[in-house]
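Read-outs throughout are calculated quantities, based only on the coordinates presented, and are distinct from any laboratory measurement. Model, not experiment: these values are computed from the prediction.
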């Protein structure tokens, strides 16, 4: 535990990096609101899976996370 605390003090953060950065989330939400854009197109554009897409934005484009 002391090693983890020392790493945190040096600025290291553990865990996996998020699939979408904070700049991409509003874009995903706007695309989800557009009825002409399919979820497959959104997933392909951002390189994420459908479950990841719905983790960040609901079907109507509302932020979930």
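Once the piece of chain linking residue 64 and residue 19 is laid out straight, how much longer is it, given 0.36 nm per residue of separation minus the C-alpha distance between them?
That works out to 14.8 nm of additional length.
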Using only Cα atoms, tell me the angle between helix 24-33 and the longest principal axis of the chain; keep it within 0 to 90° and round to the nearest 10. 20 degrees
Would you mind pulling out the separation of the Cα centroids of segment 1-24 and segment 28-60, in Å? 26 Å
The chain - mean residue ellipticity at 222 nm from DSSP helices (-39,500 (n - 2.57) per run, n ≥ 4, rounded to 500): -14000 deg cm²/dmol
Between residue 33 and residue 9, what length in nm is gained on full extension when 0.36 nm per residue of separation is reduced by their alpha carbon distance? 4.5 nm
Pick from 37, 13, 28 the residue whose mean-square fluctuation is largest in a GNM of the chain, springs joining Cα atoms under 10 Å. 13
